[in-house]
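Enquirer: This is the structure I want to talk about, given as structure tokens.
The values are calculated or read from the model by the stated rules, or taken from the named source; none is laboratory data. This is a predicted model, so every value here is computed, not measured. Please note: Cβ atoms are built from the backbone with ideal geometry, for glycine as well, and neighbour counts cover all protein chains shown. With ligands, DNA and RNA removed, areas are computed over all heavy atoms of the protein, side chains included. Shrake-Rupley method; radii C 1.70, N 1.55, O 1.52, S 1.80 Å.
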Amino acid sequence: MVAISQTGLPPKTRYAKVRSLHWVLICALVVCAGLSLQIGATDVQFTTILFKAASGQVLSPAEQVVFFDIRLPRLVMGCLVGAALAVSGAAMQGLFRNPLADPGIVGVGAGAGLGAIVAIVLGACLPLWIQEVTGNQLVPVAAFLAGWGSTLLLYRVSTRNGRTSVATMLLAGIALGALAGAISGILVYVADDRQLRDLTFWGLGSLAGASWAKIVAAGPMIFLSIAVASYLGRGLNGLALGEATAEHIGIDVQRLKSIAILTVAGATGAAVAVSGGIGFIGIVVPHLLRLATGPDHRTLLINAALVGAILLILADVIARVVIAPAELPIGIVTAVLGAPVFLWILLKRRGLVEL
Amino acid sequence: MSFHARNIHVSYGHHQALAGVSLHAKAGEVTAIVGPNGSGKSTLLGAMTATLPYEGEVSLNGRSVAGQKPWELAAQRAVLPQASKLAFPFTVIEVVQIGLHAGTAGAQTDVPMHALARVGLSHYAHRNFQDLSGGEAQRVMLARVLAQVWAPVQAGTPRWLLLDEPVSSLDIAHQLQVIDIARDFAARGGGVIAVMHDLNLTALFADKVAILAAGKCLAVGTPTEVLQDDILSRTYGCTLRVCAPPGDERPYILPHAASA
């Protein structure tokens, strides 16, 4: 056997180095949060409010409304949605062993989109008691239920004898997506002009509707999902070696799959329900982190949550100021910024451009 | 202590891959499974590792495998697959550490580096696994498997290495190195079960050989007992001559003609 003196000390692995990245990202998140509270359509400034609070002065009603009812809930919701989408993306990529998997791959996106369209177009036809229970939150509630429901359906379809086939899930997801698209098409066809406009804006995504009520509804689900997902790191690392090998090194693969799928459906469903279709976060964030710090899911999942929150807050700041006092749907910002960055990463990786 | 498969049946659709095969492997020995392509060697290993559904009974160190949790089994045996694919760009050392999931030690120990050194690849620790050649990747996977069951005997219970064609993509020096590793593991009290193609290497390192053909076990015994002209020629459907060098009872096999 080779003497250990020849091999030297165990090398410091990327894992040990990357763990300290948490703190850097948390600091960055705090800075971005401050920026998000500072900048907006009105000239209410976070620094002024901090100064007033520190010196015991009373805030003006306008400042109270802008700060506590608009900017703060918007910031919290941006964090929640960004983190949920990025963690879900990282978890799905680990589960499907493919860096191009999207949180929507488990049917959440298609289902939630259909739910939203049904609520927008047919909401007025629903029984009165449903409309009373949901109030003006009918669209998010319907989107969440339909997103979660379609994932459960996909999960059932692709599970035989207690084993879930991710390949079947992928294919069945495409079929289900096409079906949801067709039904949506019918509803779009019968929708009136105002409904069409609502539909379009829902699909582009926005944090403009942020409210404490939505945060209370979606927050616990997203928090729980991220907390659960952050414990899937070791299992997903094992899964990178294939399902059989993961089982051989002691991972309960079926349990891992169920937990991953259900938490992703919960987090993505809640995020999509409150903010509409925000693209690219789920793919770009884990991909960037993998390039920067390696593919170890034990750090990737939690760092993805932080980077997802940071990016979505920044995107929201841009969405608010770029055409102030109006604002852009945030899905446009994430796509306009995300798509070129993603293409650049892809080309750079393939050595086609030297930047 | 043993790894015991009794009366194993496995079917793929209508095709019966294994029809009532039994294998009794003892700790402290190297047991080789040989046979032609499609004879059910890897299927038998798959049943013993509960990778595929089977009928029959498999017991590990006296306890039935069915009903044991993956992490309980992983602490007792490690499995080297025929081919390995990796989904993300992990480094070599990270791949070996993944194998420690249910093992005796956490990822912070130096077991992964010892395991890499054992297969002669410690200088590759920070290379990207996906950039390695087929043979190098196979040796890294062997290191991962070794790290998982680093001590061949734990708390008085032997642990097991199940190797599916461990030398198939290796040059001759590394073939001999793998055989050395397996013999050493058995000599220190662990058990080794290996699916093999190379009959000469099998004769060199196995204590016991099981010959499979068409889903049935044709013969079991020491290499000298089992590796015989008539048995091999019947199994493989070609003419093989078994010889023994003077002063060495281990047989070696010469291919002779493509027909029996």
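Enquirer: Ignoring ligands, DNA and RNA, how do B:196, A:221 rank by accessible area with a 1.4 Å probe, largest first?
Expert: A:221, B:196
Enquirer: Something else: Would you calculate the volume per residue, in Å³, of the smallest convex hull containing every Cα atom of chain B? Write down the numbers at each step before the final one.
Expert: Details: hull volume 35.6 nm³, N = 260.
It comes to 137 Å³ per residue, whole-number rounded.
Enquirer: Given bins 20 angstrom wide, list per bin the percent of all Cα-Cα distances in chain A, short to long.
Expert: 28, 55, 16, 2
Enquirer: When the Cα atoms of the range B:84-148 are enclosed in a convex hull and the volume is divided per residue, what value in Å³ results?
Expert: Working: hull volume 4.8 nm³, N = 65.
Per-residue hull volume (Cα only) is 74 Å³.
Enquirer: So, in nm, how far is label residue B:249 from label residue B:187 when the simple model puts each one 7 Å beyond its Cα toward the Cβ?
Expert: According to this spin-label approximation, the distance is 1.9 nm.
Enquirer: Next up: Going from most exposed to least, what order do B:188, A:290, B:144 have by accessible area with a 1.4 Å probe? Could the numbers behind the result be given before it?
Expert: Numbers: B:188 110, A:290 20, B:144 0 Å².
My answer, sorted largest first, is B:188, A:290, B:144.
Enquirer: Across the range A:143-160, in residue order, what do the Karplus-derived ³J(HN,Hα) couplings come to in whole Hz, using 6.51 cos²θ - 1.76 cosθ + 1.60 with θ = phi - 60° and x for Gly and Pro?
Expert: Rounded to whole hertz, the list is 5, 5, 4, 5, x, 4, x, 5, 5, 4, 4, 4, 4, 5, 4, 9, 10, 10.
Enquirer: Would you mind checking which residues have amide H under 5 Å from residue B:80's amide H? H placed 1.01 Å from N; only 5 or more apart, or other chain.
Expert: Here the answer is B:162, B:163, B:164, since their amide H atoms fall under 5 Å of that of residue B:80.
Enquirer: Hey, got the average number of other protein chain Cβ atoms within 10 angstrom for residues in A:235-241?
Expert: Details: counts 1, 2, 8, 6, 3, 10, 12.
So the per-residue partner count for this stretch is 6.
Enquirer: Ok, one more. Rounded to the nearest 10 Å², what accessible area does residue B:77 have for a 1.4 Å probe in the complete protein model?
Expert: Here the residue's solvent-accessible area equals roughly 10 Å².
Enquirer: Based solely on C-alpha atoms, express the radius of gyration and the Dmax of the protein assembly as shown in angstrom.
Expert: In Å, with Rg to one decimal and Dmax whole: 29.7, 104.
Enquirer: Considering only protein heavy atoms, what is the solvent-accessible area of residue B:85 at a probe of 1.4 Å, reported in Å² to the nearest 10?
Expert: Roughly 130 Å² of residue B:85 is accessible to a 1.4 Å probe.
Enquirer: Which residue, B:29, B:57, B:72, tops the fluctuation ranking in a GNM of chain B built on C-alpha contacts under 10 Å?
Expert: So, out of B:29, B:57, B:72, the one fluctuating most is B:72.
Enquirer: Before I look further, what does chain B give for accessible area per residue, probe 1.4 Å, in whole square angstrom?
Expert: Numbers: 10270 Å² over 260 residues.
It amounts to 39 Å² per residue over chain B.
Enquirer: Can you list, largest first and rounded to whole Å, the semi-axes you get for the range A:97-241 by taking the square root of 5 times each eigenvalue of its Cα gyration tensor? Please report the intermediate quantities before stating the final value.
Expert: Working: eigenvalues 180, 78, 39 Å².
Three semi-axes, in Å: 30, 20, 14.
Enquirer: Another question, if that's okay. Listed highest first by mean packing, meaning other Cβ atoms within 10 Å per residue, what order do A:69-78, B:225-234 come in?
Expert: On the way: A:69-78: 20.7, B:225-234: 17.6.
Put in order of decreasing packing, that is A:69-78, B:225-234.
Enquirer: Just from its helices, what would the mean residue ellipticity at 222 nm be for chain B, if runs of 4 or more DSSP H residues each count -39500 (n - 2.57) and the sum is divided by every residue, rounded to the nearest 500 deg cm²/dmol?
Expert: Values: 9 runs with 78 residues, N = 260.
Dividing the helical sum by the residues of chain B leaves -8500 deg cm²/dmol.
Enquirer: Here is a follow-up. Taking H as built 1.01 Å from N, whose amide H comes closer than 5 Å to the amide H of residue B:241, not counting residues under 5 places away?
Expert: B:254, B:256
Enquirer: Could you give me D for the range B:1-110, from Stokes-Einstein at 37 °C and 0.692 mPa s, where the hydrodynamic radius is the Kirkwood radius over C-alpha pairs? Units µm² s⁻¹, please.
Expert: Details: Rh = 15.8 Å.
D, rounded to a whole number, is 208 µm²/s.
Enquirer: Based on the Cβ-Cβ distance of residue A:182 and residue A:145, what FRET efficiency does E = 1/(1 + (r/R0)^6) give at R0 = 30 Å, to the nearest 0.05? Before the final figure, lay out the partial values.
Expert: Details: r = 20 Å, r/R0 = 0.66.
FRET efficiency, residue A:182 to residue A:145: 0.90.
Enquirer: Is there a simple number for the mean count of other chain Cβ atoms within 10 Å of the Cβ of residues in A:294-303, and what is it? Can you show the working numbers first?
Expert: On the way: counts 6, 7, 6, 1, 1, 0, 1, 0, 0, 0.
Per residue, the average neighbour count from other chains is 2.
Enquirer: Translational diffusion coefficient of the range A:165-244 at 25 °C, 0.890 mPa s, Stokes-Einstein with Kirkwood Rh over Cα pairs, in µm²/s as a whole number. List each step's numbers first, then the result.
Expert: Values: Rh = 16.8 Å.
Answer from the Stokes-Einstein relation: 146 µm²/s.
Enquirer: Could you check the spin-label model distance between residue B:109 and residue B:259? Points 7 Å from the Cα along Cα→Cβ, value in nm.
Expert: Computed distance between label sites residue B:109 and residue B:259 equals 5.8 nm.
Enquirer: With r as the distance between the Cβ atoms of residue B:85 and residue A:174 and R0 = 22 Å, compute the FRET efficiency 1/(1 + (r/R0)^6) and round to 0.05.
Expert: Rounded to the nearest 0.05, the efficiency is 0.40.
Enquirer: Provide a whole-number value for the mean count of partner chain Cβ atoms within 10 Å of the Cβ atoms in peptide B:112-123. Walk me through the numbers before you get to the answer.
Expert: Numbers: counts 3, 7, 5, 0, 2, 7, 3, 1, 1, 0, 6, 2.
Going residue by residue through B:112-123 and averaging, the value is 3.
Enquirer: To continue, here is another question. For residue A:327, what accessible surface area do you get with a 1.4 Å probe? Give it in Å², rounded to 10.
Expert: 70 Å²
Enquirer: Then there's this: What list of ³J(HN,Hα) values in whole Hz, one per residue of the range B:197-205 in order, does the Karplus curve 6.51 cos²θ - 1.76 cosθ + 1.60 (θ = phi - 60°) give from phi, with Gly and Pro shown as x?
Expert: 9, 7, 5, 5, 5, 4, 4, 6, 10
Enquirer: Compute the convex hull volume of the Cα atoms of the range A:208-355, divide it by the residue count, and report the result per residue in Å³ as a whole number.
Expert: Working: hull volume 17.8 nm³, N = 148.
Residue-normalised Cα hull volume stands at 120 Å³.
Enquirer: Quickly work out the residue A:201-to-residue B:7 label distance, labels modelled 7 Å from Cα along the C-beta direction, and quote it in nm with one decimal.
Expert: 7.2 nm
Enquirer: Next question. So what is the 222 nm mean residue ellipticity for chain A from helices alone, if each DSSP H run of at least 4 adds -39500 (n - 2.57) and you divide by all residues, rounding to the nearest 500 deg cm²/dmol?
Expert: On the way: 18 runs with 257 residues, N = 355.
Computed mean residue ellipticity for chain A: -23500 deg cm²/dmol.
Enquirer: Past 29 Å, Cα to Cα, is the threshold; run A:257/B:208; A:257/A:348; A:257/B:85; A:257/B:216; B:85/B:208; A:214/A:348 against it and keep the listed order.
Expert: The pairs that break the limit, which is 29 Å between Cα atoms, are A:257/B:208; A:257/A:348; A:257/B:216; B:85/B:208; A:214/A:348.
Enquirer: Order A:96, A:223, B:205, A:144, most accessible first, counting only protein heavy atoms with a 1.4 angstrom probe. All intermediate terms of the calculation are to be shown ahead of the outcome.
Expert: On the way: A:96 30, A:223 145, B:205 5, A:144 50 Å².
So the residues, ranked largest to smallest area, are A:223, A:144, A:96, B:205.
Enquirer: When Rg is the radius of gyration of the Cα atoms in the range B:143-260 and Rh is its Kirkwood radius, what does Rg/Rh come to? Before the final figure, lay out each step's value.
Expert: Details: Rg = 15.6 Å, Rh = 15.5 Å.
With Rg and the Kirkwood Rh in hand, the quotient comes to 1.00.
Enquirer: What would the Debye equation give as log₁₀ I(q)/I(0) for the range A:43-167 at q = 0.13, 0.18, 0.20 Å⁻¹, counting only Cα atoms as equal point scatterers?
Expert: These q points yield log10 I(q)/I(0) values of -0.78, -1.01, -1.10.
Enquirer: Roughly speaking, what is the stretch gain from residue B:15 to residue B:52, that is 0.36 nm per residue apart minus the C-alpha to C-alpha distance, in nm to one decimal?
Expert: Numbers: separation 37, 0.36 × 37 = 13.32 nm, distance 1.45 nm.
Fully extending the segment from residue B:15 to residue B:52 adds 11.9 nm.
Enquirer: Still on this structure, I have one more. At R0 = 56 Å, how high is the FRET efficiency between residue A:23 and residue B:66 if r is their beta carbon distance? Nearest 0.05 is fine. Please report the intermediate quantities before stating the final value.
Expert: Details: r = 47 Å, r/R0 = 0.83.
Plugging the Cβ-Cβ distance into 1/(1 + (r/R0)^6) gives 0.75.
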